[in-house]
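Since the structure comes first, as structure tokens, the remarks are kept for the end.
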Amino acid sequence: MADLSTNYMGLNLSSPLLLASSSLSNRVENFEAAEANGAGAVVLRSLFEEQIEAAQSEIDAAVAVGGDNNPEAHGYLPPQTVGPKEYLTLIKKAKKAVKIPVIASLNCVSPGSWSEYAKQIEEVGADALEVNCYFIAADPIQSGDDVEKKYLDVLTSIRRTVRLPIAFKLSPFFTSLAHSALRFDKGGANALVLFNRFLQPDISVGKRSLVVSMPLSHPSEMLLSMRWIAILYGRVKAHLAASTGVHTTEGVIKQLLAGAQVVQLASTLIKNGIPHLATLRDGLGDWMDKEGHASLDELRGSLSQKGGTDPGAFERAQYVQLLLAQN
Ligand SMILES: Cc1cc2nc3c(=O)[nH]c(=O)nc-3n(C[C@H](O)[C@H](O)[C@H](O)COP(=O)(O)O)c2cc1C
């Protein structure tokens, strides 16, 4: 039977499949179910910078005001009152309940004294920290470099605070994603999670109002993350974690071939239940056996663009060829 174990940011995982930070990852029973069904680690639901910085009533007021101009913020904050204290308790409970690594998650927008809280996350025993910089760059005065620097400041402020491995969860919206990734790599990220999924408010024409919801992902959304994992594999030291649109065994295999160290799963587990993890794990093992791969290292990144000197030029050539053939 193929060996599915993998290293992720220095943590030894029994499988490359992770329960992603989501509505499933705030209950100890779900962590236990994830472990029983073959998850290599669990990422807890995020605690928000706003929750650390202010009392719940102040957050509510801020959301109410911000929600007028920024509907994304309103929809993304969880309808829960789990504050910083309860979050530390959740980490402790998770650590007691499962043997697989427990990765805490902070969702933030700017550097600040709140980042000291990461120290407490470390002290209660989290194995790693995922930092989700959820920031809508909507200010026309702010340049691309300003935005990138803001991300870097968040990362370095937390890096200074803890020794824990840090996974930095990114949006795909950078002018030069490869350059940004390299800066975050050098800034102390042990892994880059590609990608965060932003809320995209819709408009109800009938009601003449915004519709804010978080629909589950579709498998076609996987291509963006897969493409960037294939480009960045071998170009950054940080491990690459795939997130968004992986629903099937085939999706998991594709991300590993592209160069993903691990694959994070949210929508497919919300839709199909946590036991779906076992289907994906067994499917991956069976495929590796059939193809004669004894370990993940044998296949990881074999379809990446590591060998190519200029992945951008390579992609452009393919694009031109394809369009010329169609016209
Ligand atoms: C209901 C729900 C809640 C989520 N909550 C969080 C969260 O608290 N923190 C976070 O970083 N990502 C959160 N996510 C995003 C997921 O971790 C993941 O990046 C995204 O859903 C794309 O992966 P998927 O295609 O497997 O769903 C959430 C996703 C869903 C669907």
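The values are calculated or read from the model by the stated rules, or taken from the named source; none is laboratory data. All of these numbers come straight from a predicted model, not from anything done at the bench. Don't worry about glycine lacking a Cβ; one is built from the backbone with ideal geometry, like all the others, and counts go over all protein chains shown.
Scanning segment 275-325 for residues that are basic (Lys, Arg), in a helix (DSSP H, G or I) and surrounded by 15 or more Cβ atoms within 10 Å (Cβ to Cβ) yields one hit, Arg281. Exactly one residue among Leu284, Leu280 is more than 18 Å from the chain's Cα centre (by Cα), in contact (Cβ under 8 Å) with a residue 60 or more places away in the chain and within 12 Å of the ligand (Cβ to nearest atom), and that residue is Leu280. Selection over segment 232-250 of residues that are farther than 24 Å from Ala189 by Cβ, within 14 Å of the ligand (Cβ to nearest atom) and of a type outside the set (S, T, N, Q) gives a count of 1. Taking helices (runs of 4 or more DSSP H) as the structural unit, those lying wholly within segment 100-210 and holding at least 1 residues that are among the aromatic types (Phe, Trp, Tyr) and free of Cβ contacts under 8 Å to residues at least 40 places away in the same chain correspond to 144-161. Inclusion of Ala94 among residues that are buried (at least 24 other Cβ atoms within 10 Å of the Cβ), in contact with a helix residue (DSSP H, G or I) (Cβ under 6 Å, 6 or more places away or on another chain) and part of a helix (DSSP H, G or I) is warranted. The single residue among Ile253, Ile229 that is at negative phi, within 16 Å of the ligand (Cβ to nearest atom) and touching a residue at least 60 places away in the same chain (Cβ under 8 Å) turns out to be Ile229. Taking segment 176-220 as the range and being within 14 Å of the ligand (Cβ to nearest atom) and within 14 Å of the chain's Cα centre (by Cα) as the test, the residues that pass are Ala191, Leu192, Val193, Leu194, Phe195, Asn196, Arg197, Phe198, Ser217.
Pairing residues of segment 38-54 that are farther than 14 Å from Ser23 by Cα and more than 14 Å from the ligand (Cβ to nearest atom) with residues that are charged (D, E, K, R) and modelled with pLDDT of 95 or more, at Cβ distances under 7 Å and at least 6 apart in sequence or on separate chains, gives Gly38/Arg281.
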